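To start, the structure itself, in structure tokens.
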Amino acid sequence: MAPYSAWDTDPEPLPVDSAPVPEYGTGSLADLLPTLAAGLGVPDMTAGIAELAPADRNCVFLIDGLGWEQLRAHPGDAPFLTSLLGSSRGGTGRPLTAGYPATTATSLASVGTGLPPGAHGLPGYTVRDPDTGALMNQLRWQPWTRPDVWQPYPTVFRLAQEAGVHAAQVSSPAFANTPLTKVALSGGTFHGRLSGEDRVDTAAGQLAAADRALVYTYYAEVDGAGHRFGVDSDTWRGQLAHVDRLVQRLAEQLPPRSALYVTADHGMIDVPFDEDHRIDFDEDWELKAGVALLGGEGRARHVYAVPGAANDVLTCWREVLGERFWVASRDEAIAAGWFGPRIDDRVYGRLGDVIAAARDDVLLIASEREPNESAMVGNHGSMTPAEQLVPLLEVRT
Ligand SMILES: [Zn+2]
């Protein structure tokens, strides 16, 4: 497998091994909370991100959709975050890899469980439930399935709380009781706050509430603006400026012996609206042949074949998509480490028989089955640096 750092901006087409896999174990989102928890003395936690120094009070501020490359390209809209990229203010900015696919449900589960997707088992925006054969949307948890069976591992928040650490999540009230919160971000106390200002003020209060703390807070609207209007739109830039002020507001309220970490669940890439950049599965009889279910999203597809057709589908998808996608069989993707170093038995059947990850600024839309998703400007999911690299910025007191 190729290490992530071996990314080449103009790679040769296109063996599966040429995909730059996430840096599971040393520099992925799944390594963040275990590293912080290890610094707090929580048992059985591995400090995979070597350069993070322990702190007594730890806060993770997750900005949905703000990739490392997009932040670096907009210093004027994000002066405070940009100041954390260098050595000023004690900042030690660096990127992490989100994990594959680079999508919210997958990444939030990686953050909260401290496990890669192959273990926590939320390996896509939609995946097949092997018990029912139906496609399941993991962000909306539709159709409903038992959360504790789908993702049985305790969160790092829960393990920290059991070890005497004060654990808290501060997010939208809408997320208080969702299955995704339960499997990924529960353990400790949940504080629903509507406004960003209320959230960061509450997060600061939760940090100060105990000598040892692990606090999480979240902001969604950078991602929403990118999907609707694009990464460089006025709306997107306004959201970036807003969240920049929220991070500064939180940084200025940190109690002593704190570390604030700003990160994201994935980056984003704008995809032009023409037939060359938006291949429509629903209009393509070659791509549809032998496919029972289409999962994932436009830049990270899980393809479930009708029985006996997996090899034919793989051959056909490779031919049609050429060098614009990495196209792997399930076992090739697993062997290459796309979903992490191990795949739990219960997760294996959730992965597509064929897995297609976009390399160029291209989408595999499905205009009939996914009309809303197919109309988005900004997209994410695959392993390119624009999507895969997320910031890890630090403020310490
Ligand atoms: Zn998104």
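The values are calculated or read from the model by the stated rules, or taken from the named source; none is laboratory data. Because the structure is a prediction, the values reported are computed rather than measured. So basically every Cβ, Gly included, is an ideal-geometry build from the backbone, and we count neighbours across all protein chains shown. For accessibility, only protein heavy atoms count, side chains too; no ligands or nucleic acids. Shrake-Rupley method; radii C 1.70, N 1.55, O 1.52, S 1.80 Å.
Give, as residue ranges, the strands (runs of 3 or more DSSP E) completely inside the stretch 253-297 that count at least 1 residues that are within 26 Å of Glu368 (Cα to Cα) and open to solvent by 10 Å² or more (accessible area, probe 1.4 Å). Before you say what the answer is, go through the steps one by one.
Details: elements: 258-264, 278-280, 291-297.
Once the strands (runs of 3 or more DSSP E) in the stretch 253-297 are filtered for at least 1 residues that are within 26 Å of Glu368 (Cα to Cα) and open to solvent by 10 Å² or more (accessible area, probe 1.4 Å), what remains is 278-280, 291-297.
Pick out the one residue from Asn372, Asn311 that is within 16 Å of the ligand (Cβ to nearest atom) and in a helix (DSSP H, G or I). Lay out the reasoning, then the answer.
Working: Asn311 fails: within 16 Å of the ligand (Cβ to nearest atom).
Result of the check over Asn372, Asn311: Asn372.
Please pick out the residue among Ala210, Ala204 that is crowded, with 24+ Cβ neighbours inside 10 Å and either over 17 Å from Leu108 (Cβ atoms) or touching a Cys at 6+ places or on another chain (Cβ under 8 Å) (or both). Let's see the steps before the verdict.
Numbers: Ala210 fails: crowded, with 24+ Cβ neighbours inside 10 Å.
None of the others qualify; the one that does is Ala204.
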Report those helices (runs of 4 or more DSSP H) wholly inside the stretch 125-232 carrying at least 1 residues which are more than 16 Å from the ligand (Cβ to nearest atom) and under 26 Å from Ser374 (Cα atoms).
-> 179-184
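Among the residues of the stretch 233-243, write down those that are more than 16 Å from the ligand (Cβ to nearest atom) and within 22 Å of Thr103 (Cα to Cα).
As a first pass, look at the stretch 233-243 and keep what is more than 16 Å from the ligand (Cβ to nearest atom): 234, 237-238, 241-242.
Arg237 - this is the single residue of the stretch 233-243 that is more than 16 Å from the ligand (Cβ to nearest atom) and within 22 Å of Thr103 (Cα to Cα).
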In the stretch 48-71, residue nearest to the ligand (Cβ to nearest atom) [restricted to those that are open to solvent by 60 Å² or more (accessible area, probe 1.4 Å) and touching a helix residue (DSSP H, G or I) at 6+ places or on another chain (Cβ under 8 Å)] = Glu69
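Which of the residues spanning the stretch 314-338 are assigned to a loop (DSSP other than H, G, I, E, B) and in contact with a strand residue (DSSP E or B) (Cβ under 9 Å, 6 or more places away or on another chain)? Let's see the steps before the verdict.
Initial filter on the stretch 314-338 (assigned to a loop (DSSP other than H, G, I, E, B)): 337-338.
Matches in the stretch 314-338: Trp338 only.
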Quick one: would you say Thr235 is out of contact with any strand residue (DSSP E or B) (no Cβ under 6 Å at 6 or more places or on another chain), open to solvent by 30 Å² or more (accessible area, probe 1.4 Å) and within 25 Å of Ala30 (Cβ to Cβ)?
-> no
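Can you pull out every residue in the stretch 240-255 that is touching a Leu at 6+ places or on another chain (Cβ under 9 Å) and not acidic (Asp, Glu)?
Taking the stretch 240-255 and keeping what is touching a Leu at 6+ places or on another chain (Cβ under 9 Å), we get 240, 243-244, 247-248, 250-251, 253-255.
Correct list: Leu240, Val243, Val247, Gln248, Leu250, Ala251, Gln253, Leu254, Pro255.
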Residue, most open to solvent (accessible area, probe 1.4 Å), within the stretch 113-140, restricted to residues that are within 13 Å of Gly349 (Cα to Cα) and of a type in the set (A, V, I, L, M) | Leu135
The stretch 11-35 residues that are on the phi > 0 side of the Ramachandran plot, paired with ones that are modelled with pLDDT of 85 or more (beta carbon under 6 Å, 6 or more apart) = Gly25/Gly48
Which condition does Gly352 not pass, out of (1) in a helix (DSSP H, G or I); (2) open to solvent by less than 30 Å² (accessible area, probe 1.4 Å); (3) not hydrophobic (A, V, I, L, M, F, W, C), if it passes all the others?
-> (1)
Is there any pair with a first residue in the stretch 237-248 that is without any contact (Cβ under 8 Å) to a residue 24 or more places away in the chain and a second that is assigned to a helix (DSSP H, G or I) and not acidic (Asp, Glu) whose Cβ atoms are under 7 Å apart and which are 6 or more apart or on different chains, and what are they?
-> Gln239/Val222; Gln239/Ala225
